[in-house]
Amino acid sequence: MSFFDTAYSISTENHGILTAFEARENGISSKDLARWVKIGRFIKLGNGVYKSTQYPSSEEDPYAIAVAQCGRGAYLCGESVLGFLRLMPTSIDRIYVKIPRRLRRQLPDGYIVCTGERGYMPTNINGVMCEKPADAIRRCIGVHMSERLMQAAENAYRLGYMDKHDLDQLQKEISNG
C-alpha cells in the first residue's frame, strides 16, 4: 500500500480529514503532505489538518474539522453534540469543543474552546469524538428551552445514543430545570 493509500484510508475514517500527527504515526512525511496539497489531493484546512479532495463533503464536516483543529484529545461538547447528531437545531456559527490541555494555536472564529474535566472519557460517534449525548443535554439545561431538550433526549434514546435509564434521569432533570 502506498503512503497516499494509507493517508486516504485514515482520512476516510474521519470525514476525509487527516492530521499531521496521524500522518507521522503512519510514516507519512510532511513533504508528502505538502506535495499532495500542491497537486490537489488534499486541502490544508489549518495548522496540521488536511482534508481529502476525493472524500465527499457532508453537513457533519464543520464539527469533525473543529475537533481536528483543536488537536489530540479534543471532543465536541454541549449543544454542538446535539447539532452534530441532529437531535436539536443549533447554530453552526458556534462550535463548542473541549480540550484536555491549554491550546496555544490560533483557531477560526466561532470555535468556543474550554478545558475538559480530568478523566472524562468521550465517545466516538460517526468518526468524531463527542461528549456523551446525555451529558451534552445536561450541559444545555437552563440554556435551551426545556421542550427542545426533552425532544432531543427522546430522539437520542430512539436513535440508540442513550439507554432508558439515561432518558428517565434526563427527563427528571429537565423538568426540574
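Quick notes on this structure:
- Which listed residue is surrounded by 13 or more Cβ atoms within 10 Å (Cβ to Cβ), closer than 20 Å to Val49 by Cβ and not aliphatic (A, V, I, L, M), from Asn126, Asn155: Asn126
- Residue count for the stretch 26-46 satisfying the condition of being under 28 Å from Glu131 (Cα atoms) and in a helix (DSSP H, G or I): 0.
- Residues of the stretch 47-77 classified as hydroxyl-bearing (Ser, Thr, Tyr), in contact (Cβ under 8 Å) with a residue 40 or more places away in the chain and not in a loop (DSSP other than H, G, I, E, B), total: 3
- Any pair with Cβ under 8 angstrom, 6 or more apart, that starts in the stretch 1-15 at a residue that is polar (S, T, N, Q) and ends at one that is in a helix (DSSP H, G or I): Asn14/Ala64; Asn14/Ala68
- Of the residues making up the stretch 65-76, not a single one is touching a Ser or Thr at 6+ places or on another chain (Cβ under 7 Å), farther than 18 Å from Gly16 by Cα and surrounded by 12 or more Cβ atoms within 10 Å (Cβ to Cβ).
- Test for Ile141: is it more than 25 Å from Ala68 (Cβ to Cβ), among the hydrophobic types (A, V, I, L, M, F, W, C) and either touching a helix residue (DSSP H, G or I) at 6+ places or on another chain (Cβ under 8 Å) or assigned by TED's automatic domain parsing to the domain that holds Val81 (or both): yes
- Evaluated against (1) over 25 Å from Pro133 (Cβ atoms); (2) in a helix (DSSP H, G or I); (3) of a type in the set (A, V, I, L, M, F, W, C); (4) touching a strand residue (DSSP E or B) at 6+ places or on another chain (Cβ under 7 Å), Ala23 falls short on exactly one condition, (4).
- Leading residue by the ranking (modelled with the lowest pLDDT) among those in the stretch 122-177 that are part of a loop (DSSP other than H, G, I, E, B) and closer than 15 Å to Tyr96 by Cβ: Val143
The values are calculated or read from the model by the stated rules, or taken from the named source; none is laboratory data. Quick caveat: nothing in here was measured; it's all calculated off a predicted structure. Methodologically, a virtual Cβ is constructed for each residue, glycine included, from the backbone with ideal geometry; neighbour enumeration extends over all protein chains shown.
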